[in-house]
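Enquirer: Below is the structure I would like to discuss, written out as structure tokens.
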Amino acid sequence: MENMNLNKHISGQFSAELDDIRNRVLTMGGLVERQLEESLNALSALDAELAQKVIAGDHQVNGMEVAIDEECARIIAKRQPAASDLRLIISITKTITDLERIGDACVRIAKTALDKRLKNQKPLLVSIENMGRHATRMLHATLDALARMDAEVALELHKEDSKLDREYEGIIRQLMTYMMEDPRAIPEVLDVLWAARAVERVGDRCQNICEYIIYYVKGKDVRHTSYEEMEKDLNL
């Protein structure tokens with residue numbers, strides 16, 4: 001009877017540790033989502049103060065990644081998880097890396113805003129506002145799918161990145177036109193290019209997180225797999 005109670009206690013502790021680490025990942029995701037919104041707002045308004053806030057806040061995102069990663073390592077060493085519990089921890093360690101990279105993209109956007117503001121330059125030659133809103137919605141939906149570990153929604157979001165890619169390609173075509181018409185516009189074109197590329201990478205990171213959700217729920221690694229193959233293999 002004592003062994004049964006001990007095993008139940010240990011199992012309860014382990015479940016609490018897994019719940020805690022999931023909550024910490026979602027907290028990190030919420031912070032990154034706010035970083036993205038604020039960096040895009042800073043770029044739109046050329047708000048130096050808001051841009052500085054985003055840049056300064058990146059250390060918190062980095063710190064959360066390190067702390068969660070260390071906790072995952074501790075759980076693996078102490079609990080030796082198997083099956084779905086191990087898949088959850090693996091998915092979390094990969095997810096926090098992509099969230100941290102989204103944080104880096106936010107810093108790049110904020111630095112573009114800060115640089116243009118300090119140089120008293122006008123807003124971007126080509127607006128990336130629509131693309132930014134699209135990326136923000138995609139990140140929010142991805143974090144929601146992560147909270148619910150919803151593989152079906154994750155699969156739908158996975159193909160959403162192709163739409164963001166098309167928006168990025170459209171911006172590139174506009175920039176090429178500006179460069180051909182006036183080579184003096186190249187510095188301004190580069191400003192748009194760096195910011196748009198950072199936003200495009202947010203979509204790529206969201207797509208990665210969707211793959212980790214599917215891996216956890218279905219136990220299948222779908223990286224480097226087409227959407228059609230995923231749909232067929234997973235019966236979603």
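The values are calculated or read from the model by the stated rules, or taken from the named source; none is laboratory data. Quick caveat: nothing in here was measured; it's all calculated off a predicted structure. Backbone-built Cβ (ideal geometry, glycine too); neighbour counts: all protein chains shown.
Enquirer: From GLN52, GLN60, which residue is of a type in the set (S, T, N, Q) and more than 23 Å from ARG205 (Cβ to Cβ)? Spell out the reasoning first.
Expert: On the way: GLN60 fails: more than 23 Å from ARG205 (Cβ to Cβ).
On inspection, the qualifying residue turns out to be GLN52.
Enquirer: Out of LYS78, LYS94, which single residue is basic (Lys, Arg) and at pLDDT below 95?
Expert: Values: LYS94 fails: at pLDDT below 95.
Sole residue among the options that is basic (Lys, Arg) and at pLDDT below 95: LYS78.
Enquirer: Within the bounds of the range 166-182, is there any residue that is among the basic types (Lys, Arg) and either outside any helix (DSSP H, G or I) or closer than 18 Å to ARG108 by Cα (or both)? Talk me through it step by step, then tell me what you get.
Expert: Going residue by residue through the range 166-182, those that are among the basic types (Lys, Arg) are 166, 173.
Subsequent filtering for residues that are either outside any helix (DSSP H, G or I) or closer than 18 Å to ARG108 by Cα (or both) retains none.
No, the range 166-182 contains no residue that is among the basic types (Lys, Arg) and either outside any helix (DSSP H, G or I) or closer than 18 Å to ARG108 by Cα (or both).
Enquirer: Please tell me if ILE92 is among the aliphatic types (A, V, I, L, M), without any contact (Cβ under 8 Å) to a residue 60 or more places away in the chain and either in contact with a helix residue (DSSP H, G or I) (Cβ under 8 Å, 6 or more places away or on another chain) or surrounded by 14 or more Cβ atoms within 10 Å (Cβ to Cβ) (or both). Steps first, please.
Expert: Values: among the aliphatic types (A, V, I, L, M): yes; without any contact (Cβ under 8 Å) to a residue 60 or more places away in the chain: no; either in contact with a helix residue (DSSP H, G or I) (Cβ under 8 Å, 6 or more places away or on another chain) or surrounded by 14 or more Cβ atoms within 10 Å (Cβ to Cβ) (or both): yes.
It is false that ILE92 is among the aliphatic types (A, V, I, L, M), without any contact (Cβ under 8 Å) to a residue 60 or more places away in the chain and either in contact with a helix residue (DSSP H, G or I) (Cβ under 8 Å, 6 or more places away or on another chain) or surrounded by 14 or more Cβ atoms within 10 Å (Cβ to Cβ) (or both).
Enquirer: So the check is Cβ under 8 Å with 6+ separation or different chains; which pairs have a first residue in the range 134-146 that's of a type in the set (S, T, N, Q) and a second one that's in a helix (DSSP H, G or I) and crowded, with 21+ Cβ neighbours inside 10 Å?
Expert: THR136/LEU36; THR136/LEU40; THR142/ALA154; THR142/LEU157; THR142/CYS206; THR142/ILE209; THR142/CYS210
Enquirer: Go through the range 174-196 residue by residue and tally those that are within 19 Å of HIS134 (Cα to Cα) and free of Cβ contacts under 8 Å to residues at least 60 places away in the same chain. Explain how you work it out, then say what you get.
Expert: Start the filter on the range 174-196 by keeping residues that are within 19 Å of HIS134 (Cα to Cα), which leaves 174, 192-196.
Pick out the ones that are also free of Cβ contacts under 8 Å to residues at least 60 places away in the same chain and you get 174, 193.
Residues that pass the stated criteria total 2.
Enquirer: Looking only at the range 221-230, count every residue that is of a type outside the set (Val, Ile, Thr) and either surrounded by 15 or more Cβ atoms within 10 Å (Cβ to Cβ) or within 12 Å of ILE90 (Cα to Cα) (or both) and tell me the total. Can you show your working first?
Expert: Step one: list which residues in the range 221-230 are of a type outside the set (Val, Ile, Thr), which gives 221, 223-224, 226-230.
Going one step further and asking which of them are either surrounded by 15 or more Cβ atoms within 10 Å (Cβ to Cβ) or within 12 Å of ILE90 (Cα to Cα) (or both), we end up with 221, 230.
Number satisfying all stated conditions: 2.
Enquirer: Now, a different point. Go over the candidates ASP85, ASP58, ASP69 one by one and state the one that is in a helix (DSSP H, G or I) and without any contact (Cβ under 8 Å) to a residue 40 or more places away in the chain. I'd like the intermediate steps shown before the answer.
Expert: Details: ASP85 fails: without any contact (Cβ under 8 Å) to a residue 40 or more places away in the chain; ASP58 fails: without any contact (Cβ under 8 Å) to a residue 40 or more places away in the chain.
Unique residue meeting the criteria: ASP69.
Enquirer: Of the residues MET230, MET149, MET131, which is within 24 Å of the chain's Cα centre (by Cα) and under 21 Å from GLY103 (Cα atoms)? Reasoning before the result, please.
Expert: Details: MET230 fails: under 21 Å from GLY103 (Cα atoms); MET149 fails: under 21 Å from GLY103 (Cα atoms).
From the options MET230, MET149, MET131, the qualifying one is MET131.
Enquirer: Scanning for something at pLDDT below 95 and surrounded by fewer than 14 Cβ atoms within 10 Å (Cβ to Cβ), does the range 106-114 turn up at least one residue?
Expert: No, because not a single residue in the range 106-114 is at pLDDT below 95 and surrounded by fewer than 14 Cβ atoms within 10 Å (Cβ to Cβ).
Enquirer: From the list ARG166, ARG173, ARG205, exactly one residue is at pLDDT 90 or above, surrounded by 14 or more Cβ atoms within 10 Å (Cβ to Cβ) and basic (Lys, Arg). Which is it?
Expert: Details: ARG166 fails: surrounded by 14 or more Cβ atoms within 10 Å (Cβ to Cβ); ARG173 fails: surrounded by 14 or more Cβ atoms within 10 Å (Cβ to Cβ).
The unique qualifying residue is ARG205.
Enquirer: Give me the pairs, please: first residue somewhere in the range 34-46 and touching a residue at least 24 places away in the same chain (Cβ under 8 Å), second residue anywhere and assigned to a helix (DSSP H, G or I) and among the hydroxyl-bearing types (Ser, Thr, Tyr), beta-carbon distance under 8 Å, and either six or more positions apart or on two chains.
Expert: Partner pairs satisfying both residue conditions: LEU36/THR136; GLU37/THR136; LEU40/THR136; LEU43/THR112.
Enquirer: Confirm whether LEU124 is touching a residue at least 12 places away in the same chain (Cβ under 8 Å), in contact with an Asp or Glu (Cβ under 8 Å, 6 or more places away or on another chain) and in a helix (DSSP H, G or I). So that I can check it myself, show each step before the final result.
Expert: Values: touching a residue at least 12 places away in the same chain (Cβ under 8 Å): yes; in contact with an Asp or Glu (Cβ under 8 Å, 6 or more places away or on another chain): yes; in a helix (DSSP H, G or I): no.
No, not satisfied.
Enquirer: What number goes with the only condition from (1) crowded, with 17+ Cβ neighbours inside 10 Å; (2) within 23 Å of ALA198 (Cα to Cα) that ALA45 does not pass?
Expert: Checking ALA45 against (1) crowded, with 17+ Cβ neighbours inside 10 Å; (2) within 23 Å of ALA198 (Cα to Cα), the one that fails is (1).
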